[in-house]
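See below for the structure under consideration.
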Amino acid sequence: MYKKALKRLSKGKWILSLLVVTWVVYGYMLLYSLPHLIELANGMKPLDVLPTGYSSDYVRSLFLALGEGGRQFYLSRQIPIDMVYPALFIITYSLLTFYGLCKAGTNESLATRLSLIPVFAGICDYLENLGIVVMLWSFPDVSSSLATITSCFSVGKAGLTTVFWIVLLYALVAAVIRATRGRMREVWLTVACRTLAGRHDPKDHDKISCPCPTASGCSVRITLPPDTLSQL
């Protein structure tokens, strides 16, 4: 079912539309809500942007520095938008990963498995947010075990997101190389067709075939020797 959904939805225009929405939401957090939290906390970073994790002492210090107004902003502004973003992240980047890998020539089964990386990253983000909400509600009584568990989800989110970007970068580069090679192959085949066409009697054009039907420049149909393609 998951693979079928990926194949049905991984269309260029659909993915592009999702990317725009995802980047708008991410831009709101990156340019407004997170910087505002940092300002309210006198320079201390929110838990969402600490890829190496944090201790319960850091959580208490952060919430204390935020004050009542800052903690309310965290709950009412940052957390709600950060509950929307993981869903967009999962949908957009799982489709983009599958689409990019398939364009790069990766078989569909492997592309499907690798497209699960953004899904797991988004799940970690949701669990991280849930832990932050509970700790904000319970402040000043912050559970050390809950802080540790939430920190693990933050580290997991950061790690999986890094792996995702590496996979996506590979897919994009491989897809560009594959497309370039395909285009160069078409050009060489077109040149070969035209060159060999000049060596045949025009009266024989209807009797011979060309292995490059995509080469629009071929005005005749030519049979190339078996080893010709391997030499192009």
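No value in this document is a laboratory result; all are computed from the given coordinates. Since the model is a prediction, treat every value here as computed from it, not as a measurement. Cβ placement follows ideal geometry from the backbone for every residue including glycine, while neighbour counts extend to all protein chains displayed.
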Counting Lys and Arg as +1 and Asp and Glu as -1, what is the net charge of the other residues whose Cβ lies under 12 Å from the Cβ of Phe63?
-> -1
Please report Arg77, Arg113 as a ranked list, fewest other C-beta atoms within 10 angstrom at the top and most at the bottom.
-> Arg113, Arg77
Taking neighbour counts of Cβ atoms within 10 Å as a proxy for exposure, in what order, fewest first, do Glu39, Glu128, Glu108 appear?
-> Glu39, Glu108, Glu128
Compute the relative contact order of the range 2-180 as a whole-number percentage, counting only Cα pairs closer than 8 Å that sit 6 or more residues apart in sequence.
-> 28
Among the trypsin sites (Lys or Arg not before Pro) within the range 1-64, which fall in a DSSP loop and have no more than 15 other Cβ atoms within 10 Å of their own Cβ?
-> Lys11
Semi-axis lengths (Å, descending) of the ellipsoid that matches the C-alpha gyration tensor of the range 2-180 = 35, 16, 13
Taking Cα pairs under 8 Å and at least six residues apart, what relative contact order does the range 69-163 come out at, in percent?
-> 30
